[in-house]
1. Taking the highest mean first, how do the peptides 282-290, 64-72 order by number of other beta carbon atoms within 10 angstrom per residue?
2. Give me the distance in nm between label points sitting 7 Å out from Cα along the Cα-to-Cβ direction at residue 39 and residue 88, one decimal.
3. What does the highest-first list of 156-163, 365-372, 178-185 look like by mean Cβ count within 10 Å?
Amino acid sequence: MVLGIAIGWAFPEAQRAQHGGWAATDLKILSTIFLRMIKSLIVPLIFSTLVVGIAGHGDDMKKVGRLAFRSIIYFEVVTTLALVIGLVAVNLTKPGIGVDLGAASAEAGSQFAARKTTFSGVLEHTVPQSFFEAAANNEVLQIVFFAIIFAVALARVEGRTKTVMLDWMQSLSDVMFKFVGIVMVYAPIGIGAAIGVTVGKSGLDVMLNLAKLVGTLYVSLIVLVVFVFVPVALLFRIPLRRFWLSVKEPWLIAFSTASSEAAFPQAMTAMERFGVPRRIVSFVLPTGYSFNLDGSTLYLAIASVFVAQAAGIDMPISQQLLMMLTLMLTSKGVAAVPRASLVILSGALAQFGLPLEGIAVILGVDAIMDMARTSVNLLGNCLATAVMARWEGELGEPVPEGQALPA
């Protein structure tokens, strides 16, 4: 990561524009290869582990339903707290005051806003019309939905058919975890390249532009971690030091690549080694990627009010709360991939009559903010799996590195 920052600083894109030659942004191919390898294993990994986790406990489907119910309650409570923190922070610091939207273009915001997202649309989008289409597009929520129905159906099958299918799914799951191990050997190269590209394209000076907005987000995310995540971990008796040591590697991948997908396989392995049973990890983690985006939710609260402040629009707290409710509903089911939050933000700005020029201003520092919110999304979902395991009374002992994970 440090080497990537150094390369990005030494060979900025601006230098090539002036003098020609090589730039750090040429490293993008290395980070793209890493992300493509990761995305290629997401669907078989989620599908196989989720089917085994549910169908393998088909004798107690109430346990599966209870886990789903508790997970949704937890997700809603934590994301609501994230919205509250973001709303309080942006009203205290007022980062939009003094920002000039006059020179900005609404074109970027219009492009994002064209991809409208509604709550009913999210519900419809949850159900795949084709498993293969969902798999080809890496639609995590659709794969989860299909896998749950498939697993419940498999749990109702008796005899050799069920045994053969479960054995095949377990074999696929075992192979995919080995696949993850192979891909992670390449991770340092992919992560370093991603950081180099970001710094080379935007420059270290990007932190100075709109520093108040970036600072508000980062401080708010720290407040979320310290005053929400830590108390939740203590309440459910999650050992903080062991938890951080388990998740720091996938957290670094999420921060460096600004993609939760890139960190997903490593996060699954990390939480299993932490002591969370595979059936809980395989259900809570992918579901959380659609319903528990704590960092992105907090970012949306800050960014939406920031645009109103920059435009000189005085939004009463009642209207802000209505906008937060809209954001909370429409952000569910959105894939945790780079720029997805901008789609939600643009739709909300258009709905509440706020200028889309604000998107152009935010885009200048969005790469820096995306890294932070994505890594917090990852941290929040890993914590959710540990909390659900403790709530279910199934949080076990850690599995040492080198020792095979339990099936």
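Just so you know, all these numbers are worked out from the coordinates, no wet-lab data involved. Because the structure is predicted, anything quoted here is derived from the model rather than measured. In this analysis, Cβ positions are derived from the backbone assuming ideal geometry, glycine residues included, and neighbour counts consider all displayed protein chains.
1. Values: 282-290: 25.9, 64-72: 16.0.
Final packing ranking: 282-290, 64-72.
2. My value for the distance between the label points is 3.8 nm.
3. Answer by packing, highest mean first, reads 365-372, 178-185, 156-163.
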